[in-house]
Every structure is written in C-alpha cells, then in structure tokens.
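**Q** Mind having a look at this structure? Questions to follow.
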Amino acid sequence: MDNKFYVYEHFRNSDGSVFYVGMGSGKRFNTKDNRNIHWQRITAKHGFSAKIIASGLTLEEAYQLEVATISAHGKENLCNITDGGDGVTNPKKETRQKMRDAKIGKTQSKNHVEKRSAAIRSSKTRSNSKTGLKGVVWHKRANKWAAATSQNGRYIHIGLYDCTFAAWKAVTKWKEENL
C-alpha cells in the first residue's frame, strides 16, 4: 500500500478560520486548480494558506480522516460540497456522467485551452508542424488554424478553427472515425 496521501485544511488569510478540508497527494494542498466556485470566491476575497494535518496515510485512511475532520468542523462552516471520503481518484460511472453533464454548454477560458494545448505539445507526439501538434498548421489567408491529415497519400482538409486545440481535436476525431 502507498502511504503517500495526506489530509489538509485551508485557512482564510484575513482571520485564520478554516474554510476547506481536503485530502490529496503531491502538491494538491497548495494548488488553486480544480476547486469549486465557493472555494474560489473565498480565496479571491480573503486569500488562503494551507496546512497538512496528517501525512503518510493510505488512501482509505485519508478518506476516513477527511470525513472525520469535515464532521468536526461542521460542513455548514466549510465550503466543501460533500461530506468527504469520495475523491475523484476513480469515480463511479454515475459520478463521471454528472461531471460531464455539468460541463455541457460551458466555454473554456482561452488560458485553459492554451494550457491543454501546451500539455499536448509537450507530449511525445512527433510532428513537423511549428505548433507541435500533428495535422495543425496556420492558414494565413483565413487567419485560423487548419486541421488536415492524409490518407493513402492524399491530402484531406478537415476544417478551420480559432485555436490549436480545437483543430487538433478535429484531426484526432477524424482519424478515429476514418482510420
């Protein structure tokens, strides 16, 4: 068993009160990524500091301590959405579907799309394109990103897109459907 998990608390910088309890591993305790809207609003107004309250735990121990800590503080005093113990390490099918449904119709920020594009570029995908994304090039006349591929030695134009990530996704989808 891996004893790499910990339980942490987030405090408001303004008055030192605990407003969030979580569990994680690595640098999760100190990151602002993937937090709920209530957490974001509190930190925007008050700032936050983090403190690990227990470390060297198994996943099950971390879940149990998270539930107990949330209960001790009182969920009504925290911005936690759940009672704890239900992290997204391997969510159930129903939970995954709820997560998908919650994102439908929401546009992603340009910063978010650029981060995802950079992550894809840094992967081991081989490409001669200056974007680093196979099948994505800049279309000068249209001022857009062009998605293209080839099949049996023939050039296939897929479409024009506003961002590199959307163009790369179009190429990937086309290949899944046609190859």
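The values are calculated or read from the model by the stated rules, or taken from the named source; none is laboratory data. These numbers come from a predicted model, not from an experiment. Virtual Cβ from ideal backbone geometry, glycine too; neighbours counted across all protein chains shown.
**Q** In the list Glu76, Glu60, Glu66, which residue meets the criterion of being within 30 Å of Ser14 (Cβ to Cβ), free of Cβ contacts under 8 Å to residues at least 24 places away in the same chain and in a helix (DSSP H, G or I)?
**A** Values: Glu60 fails: within 30 Å of Ser14 (Cβ to Cβ); Glu66 fails: free of Cβ contacts under 8 Å to residues at least 24 places away in the same chain.
Glu76 is the lone residue from the list that is within 30 Å of Ser14 (Cβ to Cβ), free of Cβ contacts under 8 Å to residues at least 24 places away in the same chain and in a helix (DSSP H, G or I).
**Q** Tally the residues that are surrounded by fewer than 17 Cβ atoms within 10 Å (Cβ to Cβ) and of a type in the set (Lys, Arg), restricting the search to the range 1-27.
**A** Total meeting the criteria: 2.
**Q** A further question follows. Being modelled with pLDDT of 80 or more, on the phi > 0 side of the Ramachandran plot, small (Gly, Ala, Ser) and surrounded by 12 or more Cβ atoms within 10 Å (Cβ to Cβ) narrows it down to one residue among Gly132, Gly74, Gly84; which is it?
**A** The conditions single out Gly84.
**Q** May I pose another question? So, in the range 135-147, of the ones that are in a strand (DSSP E or B) and crowded, with 18+ Cβ neighbours inside 10 Å, which residue ends up modelled with the lowest pLDDT?
**A** Val136
**Q** With closer than 18 Å to Asn77 by Cα, in contact with a helix residue (DSSP H, G or I) (Cβ under 6 Å, 6 or more places away or on another chain) and not aliphatic (A, V, I, L, M) as the only criterion, which of Arg41, Arg12 stands out?
**A** Values: Arg41 fails: in contact with a helix residue (DSSP H, G or I) (Cβ under 6 Å, 6 or more places away or on another chain).
Within the list Arg41, Arg12, the selection yields Arg12.
**Q** Evaluate the range 37-46: report whether one residue or more is assigned by TED's automatic domain parsing to the domain that holds Tyr20, in a loop (DSSP other than H, G, I, E, B) and surrounded by 11 or more Cβ atoms within 10 Å (Cβ to Cβ).
**A** Here is the first cut: in the range 37-46, the ones assigned by TED's automatic domain parsing to the domain that holds Tyr20 are 37-46.
Now drop any that are not in a loop (DSSP other than H, G, I, E, B), which leaves none.
No - not one qualifying residue is present in the range 37-46.
**Q** Looking only at the range 94-108, count how many residues are acidic (Asp, Glu) and either within 16 Å of the chain's Cα centre (by Cα) or under 13 Å from Asn34 (Cβ atoms) (or both).
**A** Within the range 94-108, the subset acidic (Asp, Glu) is 94, 101.
Then keep just the ones that are either within 16 Å of the chain's Cα centre (by Cα) or under 13 Å from Asn34 (Cβ atoms) (or both); that gives 101.
Residues flagged as acidic (Asp, Glu) and either within 16 Å of the chain's Cα centre (by Cα) or under 13 Å from Asn34 (Cβ atoms) (or both) within the range 94-108 amount to 1.
**Q** What number of residues within the range 150-179 satisfy the criterion of being assigned to a helix (DSSP H, G or I) and within 28 Å of the chain's Cα centre (by Cα)? Walk me through how you get there before you give the answer.
**A** Just the residues of the range 150-179 that are assigned to a helix (DSSP H, G or I), to begin with: 164-178.
Pick out the ones that are also within 28 Å of the chain's Cα centre (by Cα) and you get 164-177.
Of the residues in that region, 14 qualify.
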